[in-house]
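The values are calculated or read from the model by the stated rules, or taken from the named source; none is laboratory data. Since we're looking at a predicted model, the values are computed, not measured. FYI the Cβ positions are ideal-geometry reconstructions off the backbone, even for glycines, and counts take in every protein chain you see.
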Amino acid sequence: MAGRKSERLLNLLIMLLVQQRFVPKSRIREILYPDQGEEAFERMFDRDKEELRSLGVPVEVGTLDAYFVDEVGYRIRPDELALPEISLDADEAAVVGLAGKVWQHATLADATTEALRKLAAADVPVDVGALDVVEPRIGADEPAFDTFWLATQERRPVVFGYRRPGEGSATTRHLQPWGVVRHSGRWYAVGFDTDRGEERVFRLSRVEGAARLVGEPGAYEVPDGTDIRAVALRLVSPPDHEVATLLVRAGAGHALRRMAVQVEADVPGPDRRTTWDRLTVHGHGRTVADEVLTCGADAFVEAPAALVDDVRDRLTALAGAGEGTP
Amino acid sequence: MSSAGTGAREQVARLLTLVPLLHARGSVRLEDAAEALGTTTQQVVRDLKVLLMCGLPGGYPDDLIDVDLDALEGEDADGVIRVSNADYLSRPLRLTPTEATALIVALRAVRDSSPGATREVVDRTLAKLEQAAADGSAHRQVELDGTDPEAAEVRTTLERAVAEGRQVRLTYWVPTRDEAGERVVDPVRLWTQGGFDYLEAWCRSAEGRRVFRLDRIHALEVLEEPADAHDEAPTDLSEALFAHAREGRLATLRLRPGAHWVPEYYPVEEVRHVGEGLLEVDLRVGDPRWLVRLALRLAPHADVLGPPDLVWTCRQAAGDALALYDAPSSSMARSHPHPRGMT
């Protein structure tokens with residue numbers, strides 16, 4: 001029955017909290033688990049401690065005194081237990097209220113709600129819904145997200161099946177996750193790949209089956225000064241930003257227009273079927289080439305020459321696919 | 001963790017939040033407490049009956065926490081919770097690492113999508129919370145790429161339109177046709193899937209339910225006119241997104257490794273590993289222009305294998321694009337970035 005167990009958990013918390021010193025295990029058993037045999041007590045007490053810890057209660061273990069080293073005791077320090085003093089101004093409280101609606105992921109939405117409840121219980125006025133500013137949303141659909149999040153929070157290694165595009169089956173990988181990064185709407189785990197012996201990035205949507213946490217919390221350290229966003233960006237997309245000049249048919253090439261930093265309307269183009277606009281775009285060469293190709297005969301690369309060659313080569317391959325040239 | 005749960009862990013979590021709340025405010029109405037804890041008034045009373053049995057380990061009546069149950073049940077109840085003898089529980093618990101991280105990451109997203117003045121407020125708030133959460137929080141281990149402020153604004157505007165039941169005029173880009181067109185819609189709801197935000201709406205020009213991807217909305221305006229109610233059954237998301245997928249013709253593509261991402265992005269009927277790093281996929285094609293654009297983008301990593309007319313159409317499209325570079329005027333355009341005749 002939940003009531004009896006809640007009662008025991010709370011009494012355990014209070015008992016360890018109000019004593020200045022470590023409370024001997026034998027006394028805990030005597031007061032709170034009087035009807036349990038040795039084995040049942042050990043099992044229940046272990047579980048109860050873990051439940052309290054999972055709520056964020058710091059249960060400390062220590063020895064009672066120098067003469068009885070095998071007698072262990074437990075305590076909870078009030079200053080470790082309590083939320084530190086925090087005072088928010090009205091506008092800050094409004095911002096915090098807004099943050100409560102950002103996560104569109106069950107576990108983290110609940111975690112944020114719980115955090116707001118704690119702040120409210122400390123009489124920090126958390127004003128939900130006062131500020132009229134845009135509300136961002138963070139989602140995480142990847143089934144593996146929860147495991148990697150937890151691994152990151154607790155620094156526990158993860159074992160998982162991973163299938164790169166083009167591979168017939170998943171391979172088993174071992175990672176010490178340093179962090180999770182969202183990039184272009186997708187989540188990645190960044191960390192030290194113990195199979196390869198170097199830092200790696202894994203796209204969580206490519207994790208197959210259940211990812212498993214292995215090892216104890218704090219099993220490894222994140223190297224000092226690691227900027228996980230920088231690592232992810234470096235490994236996910238090589239930094240080859242370049243400037244390209246393109247001609248795009250009037251009314252077409254919307255994706256390219258969104259990348260444009262400058263548009264010159266109504267310029268002469270490679271044909272006279274329509275009018276053309278000249279766009280200056282910044283982007284990865286590969287991305288720009290892909291978008292230009294997607295537009296077919298509605299987009300044309302002026303510069304740089306390498307991009308022109310790339311696009312022409314790729315078009316030639318498609319035009320000539322199968323038998324000869326059309 | 002859901003605080004509405006009836007498990008022991010959830011019950012303890014609620015009580016450890018409720019007692020500090022009472023301590024801070026003196027007394028709290030039962031209804032207000034239930035709302036603050038995200039549970040029912042009945043559950044709060046059950047929680048308080050547990051609290052009544054807790055206290056200092058002496059075992060004397062004075063050691064126990066006192067809850068005024070008469071104020072909550074019975075004839076003289078005024079529905080106000082009063083608790084005494086629980087001073088050692090006067091502060092809420094520290095935020096757990098996940099709570100702190102989730103909150104801080106959420107605030108950073110708010111910051112990224114805020115105008116300058118609000119940013120300053122968010123920065124102040126973040127500084128305070130990061131300090132309060134100093135130990136154990138791993139918020140530095142979670143990074144978001146800049147949430148696009150424009151996208152957040154589109155979303156917020158649409159949420160308001162849905163809430164207020166107003167029509168919206170939007171300029172929407174249809175990638176299949178590479179056309180941006182204007183339409184007036186009755187917004188129904190918003191959701192997120194696969195990293196993208198979507199709007200489901202009744203399109204007044206098409207007279208039917210349509211799904212719009214928010215990052216393809218180029219402009220929008222909330223109109224004064226109220227939106228009509230449409231009582232058609234809510235659409236299944238994947239069905240709505242890929243409605244064409246069941247109707248179209250089957251096309252077959254052969255993918256080299258550079259194009260192996262295709263089945264991750266598009267619903268495919270079948271994937272076959274045909275050896276030598278090649279995949280063959282069958283996908284439904286509604287509008288042939290969609291396939292042409294895909295084939296162009298994938299070149300040279302994919303071959304369209306069939307049906308024959310689509311193979312021909314794709315090759316033709318590549319040929320047409322290639323012809324631009326061989327036209328006499330194109331070499332002029334390339335060697336003279338600012339050709340004569342430009343005004």
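Just give me the residues in the stretch A:148-161 being crowded, with 22+ Cβ neighbours inside 10 Å and either away from every other protein chain (no Cβ under 13 Å) or without any contact (Cβ under 8 Å) to a residue 12 or more places away in the chain (or both), in sequence order. Reasoning before the result, please.
The initial filter retains those residues of the stretch A:148-161 that are crowded, with 22+ Cβ neighbours inside 10 Å, namely A:148-149, A:151-153, A:158, A:160.
Selection gives A:153, A:158, A:160.
Residue-wise test of (1) over 30 Å from residue A:177 (Cα atoms); (2) at pLDDT below 90; (3) buried (at least 18 other Cβ atoms within 10 Å of the Cβ).
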| residue | (1), (2), (3) |
| --- | --- |
| A:236 | no, yes, no |
| A:246 | yes, no, yes |
| A:262 | yes, yes, no |
| A:277 | yes, no, yes |
| A:285 | yes, yes, no |
| A:288 | yes, yes, yes |
| A:304 | yes, yes, no |
| A:308 | yes, no, yes |
| A:314 | yes, no, yes |
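State whether the residues of the stretch A:221-228 include one that is in contact (Cβ under 8 Å) with a residue 24 or more places away in the chain, within 12 Å of another protein chain (Cβ to nearest Cβ), in a loop (DSSP other than H, G, I, E, B) and at positive phi.
No, the conditions are met nowhere in the stretch A:221-228.
List the pairs whose first member sits in the stretch B:139-168 and is of a type in the set (Asp, Glu), whose second member is crowded, with 21+ Cβ neighbours inside 10 Å and modelled with pLDDT of 80 or more, and whose Cβ atoms are under 8 Å apart, counting only residues at least 6 apart or on separate chains?
B:143/A:179; B:143/A:180; B:143/A:181; B:143/A:182; B:143/A:228; B:145/A:181; B:145/A:182
Does residue B:21 satisfy the condition of being touching an Asp or Glu at 6+ places or on another chain (Cβ under 6 Å), farther than 30 Å from residue B:144 by Cα, surrounded by 15 or more Cβ atoms within 10 Å (Cβ to Cβ) and within 7 Å of another protein chain (Cβ to nearest Cβ)? Before you say what the answer is, go through the steps one by one.
On the way: touching an Asp or Glu at 6+ places or on another chain (Cβ under 6 Å): no; farther than 30 Å from residue B:144 by Cα: yes; surrounded by 15 or more Cβ atoms within 10 Å (Cβ to Cβ): yes; within 7 Å of another protein chain (Cβ to nearest Cβ): yes.
The answer is no for residue B:21.
Quick test for you: out of B:245, B:233, pick the one residue that is over 20 Å from the mean Cα position of the chain (by Cα), modelled with pLDDT under 80 and surrounded by fewer than 16 Cβ atoms within 10 Å (Cβ to Cβ). First the steps, then the outcome.
Values: B:245 fails: surrounded by fewer than 16 Cβ atoms within 10 Å (Cβ to Cβ).
Step by step, each of B:245, B:233 is checked, and only B:233 is over 20 Å from the mean Cα position of the chain (by Cα), modelled with pLDDT under 80 and surrounded by fewer than 16 Cβ atoms within 10 Å (Cβ to Cβ).
Identify, please: which residue in the stretch A:97-112 is over 13 Å from the mean Cα position of the chain (by Cα) and farther than 18 Å from residue B:125 by Cβ and is, among those, nearest to the other protein chains (Cβ to nearest Cβ)?
A:110
Looking at B:119, B:111, which one is surrounded by fewer than 18 Cβ atoms within 10 Å (Cβ to Cβ), closer than 30 Å to residue B:151 by Cβ and out of contact with any strand residue (DSSP E or B) (no Cβ under 9 Å at 6 or more places or on another chain)? Outline the logic, then answer.
Numbers: B:111 fails: surrounded by fewer than 18 Cβ atoms within 10 Å (Cβ to Cβ).
Residue meeting the stated conditions: B:119.
Given the conditions (1) free of Cβ contacts under 8 Å to residues at least 40 places away in the same chain; (2) in the same structural domain as residue A:54 (by TED's automatic domain parsing), report the number of the one that residue A:73 does not fulfil.
Every listed condition holds for residue A:73 apart from (1).
Taking the stretch A:162-199 as the region of interest, how many residues are surrounded by 18 or more Cβ atoms within 10 Å (Cβ to Cβ) and not small (Gly, Ala, Ser)?
Looking only at that region, the number is 16.
Tell me which residues, restricted to the stretch B:89-99, are facing another protein chain (nearest Cβ under 7 Å) and assigned to a helix (DSSP H, G or I). Lay out the reasoning, then the answer.
Taking the stretch B:89-99 and keeping what is facing another protein chain (nearest Cβ under 7 Å), we get B:91-99.
B:97, B:98, B:99 - these are the residues of the stretch B:89-99 that are facing another protein chain (nearest Cβ under 7 Å) and assigned to a helix (DSSP H, G or I).
Determine which member of the set B:71, B:36 is buried (at least 16 other Cβ atoms within 10 Å of the Cβ), at pLDDT below 90, assigned by TED's automatic domain parsing to the domain that holds residue B:85 and within 38 Å of the chain's Cα centre (by Cα).
Details: B:71 fails: within 38 Å of the chain's Cα centre (by Cα).
Going through B:71, B:36 in turn, just one is buried (at least 16 other Cβ atoms within 10 Å of the Cβ), at pLDDT below 90, assigned by TED's automatic domain parsing to the domain that holds residue B:85 and within 38 Å of the chain's Cα centre (by Cα): B:36.
State all residues of the stretch B:193-213 that are crowded, with 19+ Cβ neighbours inside 10 Å and within 11 Å of chain A (Cβ to nearest Cβ); if no residue qualifies, say none.
B:197, the sole residue that qualifies.
Conditions: (1) assigned to a strand (DSSP E or B); (2) more than 30 Å from residue B:272 (Cα to Cα). Residue A:208 meets all but one. Number of the miss?
Just one mismatch for residue A:208, condition (2).
For the stretch B:51-71, indicate whether the set of residues that are part of a helix (DSSP H, G or I), touching a Ser or Thr at 6+ places or on another chain (Cβ under 6 Å) and touching a residue at least 24 places away in the same chain (Cβ under 8 Å) is non-empty. Show your work before the answer.
At the first step, the residues of the stretch B:51-71 found to be part of a helix (DSSP H, G or I) are B:51, B:61-63, B:69-71.
Pick out the ones that are also touching a Ser or Thr at 6+ places or on another chain (Cβ under 6 Å) and you get none.
Taking every residue of the stretch B:51-71 in turn, none turns out to be part of a helix (DSSP H, G or I), touching a Ser or Thr at 6+ places or on another chain (Cβ under 6 Å) and touching a residue at least 24 places away in the same chain (Cβ under 8 Å).
Go through A:227, A:240 for me and flag whichever is exposed (fewer than 13 other Cβ atoms within 10 Å of the Cβ), modelled with pLDDT under 90 and acidic (Asp, Glu). Don't jump to the end; show me each part of the working.
Numbers: A:227 fails: exposed (fewer than 13 other Cβ atoms within 10 Å of the Cβ).
It is A:240.
Determine whether residue B:78 is assigned to a helix (DSSP H, G or I) and either closer than 30 Å to residue A:27 by Cβ or away from chain A (no Cβ under 11 Å) (or both).
Values: assigned to a helix (DSSP H, G or I): no; either closer than 30 Å to residue A:27 by Cβ or away from chain A (no Cβ under 11 Å) (or both): yes.
Criteria not met by residue B:78.
Looking at the stretch A:134-147, which of the residues that are within 7 Å of chain B (Cβ to nearest Cβ) and in contact with a Leu (Cβ under 8 Å, 6 or more places away or on another chain) is modelled with the lowest pLDDT?
Start the filter on the stretch A:134-147 by keeping residues that are within 7 Å of chain B (Cβ to nearest Cβ), which leaves A:134-139, A:141.
Next, only the ones that are in contact with a Leu (Cβ under 8 Å, 6 or more places away or on another chain) stay: A:135, A:138.
Details: A:135: 66, A:138: 81.
Restricting to residues being within 7 Å of chain B (Cβ to nearest Cβ) and in contact with a Leu (Cβ under 8 Å, 6 or more places away or on another chain), the top hit is A:135.
Kindly indicate whether any position in the stretch A:276-286 is within 12 Å of chain B (Cβ to nearest Cβ) and within 36 Å of the chain's Cα centre (by Cα).
Initially, the stretch A:276-286 is screened for residues within 12 Å of chain B (Cβ to nearest Cβ), giving A:276, A:278, A:280, A:286.
In the following step, the residues that additionally are within 36 Å of the chain's Cα centre (by Cα) were identified as A:280, A:286.
Yes, some residue in the stretch A:276-286 is within 12 Å of chain B (Cβ to nearest Cβ) and within 36 Å of the chain's Cα centre (by Cα).
Checking residue A:20 against (1) part of a helix (DSSP H, G or I); (2) more than 39 Å from the chain's Cα centre (by Cα); (3) under 14 Å from residue A:78 (Cα atoms), which single condition isn't satisfied?
Exception for residue A:20: condition (1).
From the list A:39, A:92, A:85, which one is assigned to a helix (DSSP H, G or I) and within 31 Å of the chain's Cα centre (by Cα)? Break it down into steps so the answer makes sense when it comes.
Values: A:39 fails: within 31 Å of the chain's Cα centre (by Cα); A:85 fails: assigned to a helix (DSSP H, G or I).
When all the criteria are applied, what remains is A:92.
So is residue A:64 over 17 Å from residue A:7 (Cα atoms), assigned by TED's automatic domain parsing to the domain that holds residue A:122 and modelled with pLDDT under 85 or not?
no
From the residues in the stretch A:1-28 that are closer than 17 Å to residue A:61 by Cβ, within 12 Å of chain B (Cβ to nearest Cβ) and out of contact with any Lys or Arg (no Cβ under 9 Å at 6 or more places or on another chain), which one is surrounded by the most Cβ atoms within 10 Å (Cβ to Cβ)?
Once the filter is applied, the top-ranked residue is A:13.
Looking for something closer than 20 Å to residue B:50 by Cβ, assigned to a helix (DSSP H, G or I) and within 11 Å of chain B (Cβ to nearest Cβ) - is there at least one such residue anywhere in the stretch A:60-78? It would help to see each step written out before you state the result.
Going residue by residue through the stretch A:60-78, those that are closer than 20 Å to residue B:50 by Cβ are A:76.
Still in the list and also assigned to a helix (DSSP H, G or I): none.
Within the stretch A:60-78 (the criterion being closer than 20 Å to residue B:50 by Cβ, assigned to a helix (DSSP H, G or I) and within 11 Å of chain B (Cβ to nearest Cβ)), the answer is no, since none of the residues qualifies.
So that you can scan it fast, the table gives a plain yes or no per residue for (1) in a helix (DSSP H, G or I); (2) within 30 Å of residue B:97 (Cβ to Cβ):
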position	(1), (2)
A:30	yes, no
A:34	no, no
A:53	yes, yes
A:57	no, yes
